[in-house]
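So the structure is just underneath, and the comments pick up after that.
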2 protein chains.
Amino acid sequence: MIQTPYLLFLGDAQDGLAAKVAQGIKDWRPENAAGQFRLPDCNTSVGLPDLTLEEAKAAGARTLVIGVANRGGYISNAWKEVLVEALRMGFDLASGLHNLLRDEDELVAAARVNGRTLHDVRVPSVAYPIANGVKRSGKRCLAVGTDCSVGKMYTGLAMDAEMRKRGMKSTFRPTGQTGILITGGGVPLDAVIADFLAGAVEYLTPDNDDDHWDHIEGQGSLFHVSYSGVTMALVHGGQPDALVLCHEPTRAHMRGLPDYQQPALEQLRDTALHMARVANPACEVAGISVNTQHLSEAEAVAYLSDVEARMGLPTVDPFRHGAGRLVDALAQI
Amino acid sequence: MIQTPYLLFLGDAQDGLAAKVAQGIKDWRPENAAGQFRLPDCNTSVGLPDLTLEEAKAAGARTLVIGVANRGGYISNAWKEVLVEALRMGFDLASGLHNLLRDEDELVAAARVNGRTLHDVRVPSVAYPIANGVKRSGKRCLAVGTDCSVGKMYTGLAMDAEMRKRGMKSTFRPTGQTGILITGGGVPLDAVIADFLAGAVEYLTPDNDDDHWDHIEGQGSLFHVSYSGVTMALVHGGQPDALVLCHEPTRAHMRGLPDYQQPALEQLRDTALHMARVANPACEVAGISVNTQHLSEAEAVAYLSDVEARMGLPTVDPFRHGAGRLVDALAQI
């Protein structure tokens, strides 16, 4: 686990998209974010107070989180100066960057001298077991998509937030670097060795209270040929009691695969449920989450209503209208 | 690729099961095996001439292959003496053991001094790409199982052997350490990082002549919750034109999973075909391969005949009756 609260490092981010990890932390776990740190040429903000390292330390921040995508794929000298100073002052560092903190000699040396930890959340830090398939207590919901990047993480975070607002027992279980940085822990599933994939999901979602819900962050799609193995491991390792189908209705083709079309929601429902029932015969499809960002409000409302009538399942865009109806459905399971 | 021919190291193997890798090489690629090397306390043989290192060298052997499972999970001093001497004499070493050659300092040093290669075939040696799903030329057959360890490798090797006997263009494509040692190359799929699983299968089965068949070694099962992610990546990365369903009819439960029952062959057929058609809409189920080792000949014949009538697909045990009818079916595709 990464120590909270964080100081969010925005570096020289030029726009909100570059700072989306920091934005995610601020949106979903504001209690984890003491403030933001920007370099002079940073052109965006996540709306938190700007703190110096000294001010963040005084405010109790324990980890400097790199909340920005870096340009050119390397950690610049301007960044490194701040990161080394943060280590010297007693902060841990956490990063989801493709190029690892642990590959930077200066950071490794400074961490060692100061007894600090470098968290590269893209890389597994645990020797996960092989899945044993034993039925676990507690309830689990898995978001499965017609495609990659259709809003599975957002849907899970929104259902978790709604449950906690209602006083229900709920945990979001991240399987990718952004989710791990938001919550401070999880499994970077796409970096796990094949034999341990489903075991890593079991590890992530252990026995729990009977009325506790894990919201497991979905990855890939059973219909995306590049990543379907990861999705399959989530469906079996997660033993979901409930599936939420996630969809983006304006895609011309599967993400990154020009020759492949998205499946219909009916096909996703049937396939995902069939496979999920191998691990949990009681699994049900609870609802549908549609990412309508490329539709107008009127188009979105019409589309959601059409899908709901056709599929007979509560159908929402949690970004526009909240996850309340999905949580209502889960509460019936 | 591992240099052939091999000298097969049986070490101190106490029975045929311990020497099954060596036996597989001798059975399927006798042209790869110059002879066997046994320590004084070895109690089994794969029926090849016993050669000293000098004799093997003179016979043209280029790699000493550890064709035996080691006891206690470590490489003993008695083994190491032979392995170091083999490196000194100019042999490469190849091993599918869980404990790696490259973790043994003496072997690493001897390989370096003598300019030899240590092949640990459990560990990927290639940075596999992410799968791109682009349609490849040539034909591919994938063995899929109701469970793990039901004869998928045997079935693929038998179909490949039968095709080559008939003068057809055919290659066996190994995805596990035994298959890799038998043929000299392949992908150790269970050790590949999740993001690259399907890409590794694409890499293993590249474009080929239109009338060439790849027989892709299956792994796991879509219905085995511990390993289904690996199987899914084979189904999508392999783009199979044909599936062969593999089954062992006497299992009380899924291998290693006492709470899980095997699916019916009908369920495997429908599920595997549905998923395979995502990557290759023309995919067909060509036949069924049953491992009848726990049935008498009469029981086996009756079982095969029942399944064939029920499923309407050629159904054989290739160990008992050869893979000819499966190849007949593939030749129609």
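Some points to look at:
- Proximity of backbone amide H atoms, modeled 1.01 Å from N, is registered between A:Gly138 and A:Asn208, A:Asp210 at under 5 Å, excluding neighbours fewer than 5 places apart on the same chain.
- Beta bridge orientation in chain A: antiparallel %, DSSP, nearest 5: 5
- Take every Cα pair under 8 Å whose residues are at least 6 apart in sequence, average their separation, divide by the length of region A:149-285, and the relative contact order is 23 percent.
- Only alpha carbons enter this Debye calculation for chain B, each as an equal point scatterer, and the log10 of I(q)/I(0) it gives at q = 0.13 Å⁻¹ is -0.99.
- Note on B:Lys152: lysines with a C-alpha under 27 Å away, same-chain residues under 8 apart excluded, are B:Lys20, B:Lys26, B:Lys135, B:Lys139, B:Lys165, B:Lys169.
- Which of B:Thr155, B:Thr63 has the fewest Cβ neighbours within 10 Å, and the rest in rising order: B:Thr63, B:Thr155
- Candidate aspartates and glutamates for bridging to A:Lys57, where Cα separation is under 18 Å - those fewer than 8 sequence places away on the same chain excluded: A:Glu31, A:Glu81, A:Glu85, A:Asp92
- Percent of beta bridges antiparallel (DSSP, the protein assembly as shown, rounded to nearest 5): 5
- Spin-label pair A:Asp270/B:Ser296, simplified geometry with 7 Å Cα→Cβ offset, distance in nm: 4.4
- Given R0 = 30 Å, the distance between the Cβ atoms of B:Ala78 and B:Ala58 translates into a calculated FRET efficiency of 0.80.
- Förster radius 22 Å - calculated FRET efficiency between A:Glu31 and A:Met89 (Cβ-Cβ, nearest 0.05): 0.50
- 3J(HN,Hα) along region A:4-11, derived from phi through the Karplus expression 6.51 cos²θ - 1.76 cosθ + 1.60 where θ = phi - 60°, amounts to 10, x, 9, 9, 8, 8, 9, x Hz, with x in place of Gly and Pro.
- For B:Met275, B:Met1, B:Met311, order by how many other beta-carbon atoms lie within 10 Å, fewest first: B:Met1, B:Met311, B:Met275
- Between B:Cys141, B:Cys246, B:Cys283, the GNM of chain B built on Cα springs shorter than 10 angstrom shows B:Cys283 fluctuating the most.
- Look at where the Cα atoms of region B:102-179 and of region B:192-244 average out, and the two centres are 11 Å apart.
- Inter-copy label distances for B:Glu31: 6.9 nm (label point placed 7 Å from Cα along Cα→Cβ; shortest first).
- Note on chain A: GNM, Cα springs under 10 Å; of A:Ala194, A:Ala158, A:Ala143, the largest mean-square fluctuation is that of A:Ala194.
- Distances in nm from B:Ser149 to the matching label points in the other copies, shortest first (labels 7 Å along Cα to Cβ): 4.2
- Tensor-based shape of the protein assembly as shown (alpha-carbon gyration tensor, a/c under 1.5 rounded, otherwise prolate or oblate): oblate
- Whether region A:126-256 is rounded, prolate or oblate, judged on the alpha carbon gyration tensor where a/c under 1.5 counts as rounded: oblate
- Sorted shortest first, the separations between the B:Lys169 label point and its copies elsewhere in the assembly read 6.1 nm; each point sits 7 Å from Cα along the Cα-to-Cβ line.
- Gain upon complete extension [A:Met1, A:Asp209; 0.36 nm per residue less C-alpha separation]: 72.7 nm
- Cα-projected label distance for B:Arg166 with A:Thr250, points at 7 Å along beta-carbon direction, nm: 5.2
- Taking every C-alpha pair closer than 8 Å and separated by at least 6 residues, the mean separation divided by the residue count of chain B gives a relative contact order of 15 percent.
- Counting beta carbons within 10 Å around each of B:Ser76, A:Ser45, B:Ser170, A:Ser137 and listing the fewest first gives the order A:Ser137, B:Ser76, A:Ser45, B:Ser170.
- Among the residues of B:230-237, the average count of other protein chain beta-carbon atoms within 10 Å of the residue beta-carbon is 6.
- Computed from label points 7 Å out along Cα-Cβ, the spacing between A:Ser305 and A:Arg320 is 1.1 nm.
- Potential extension, B:Arg136-B:Asp328 segment - 0.36 nm per residue separation minus Cα distance: 66.8 nm
- Highest-MSF residue in chain A out of A:Pro188, A:Pro249, A:Pro174 [GNM, Cα springs under 10 Å]: A:Pro249
Each value in this text was obtained by applying a stated rule to the coordinates, not by laboratory testing. Note that the coordinates shown come from a computational prediction; the quantities given were computed from them, not determined experimentally. Cβ coordinates were reconstructed from backbone atoms using ideal geometry, including for glycine residues, and neighbour counts include every protein chain displayed.
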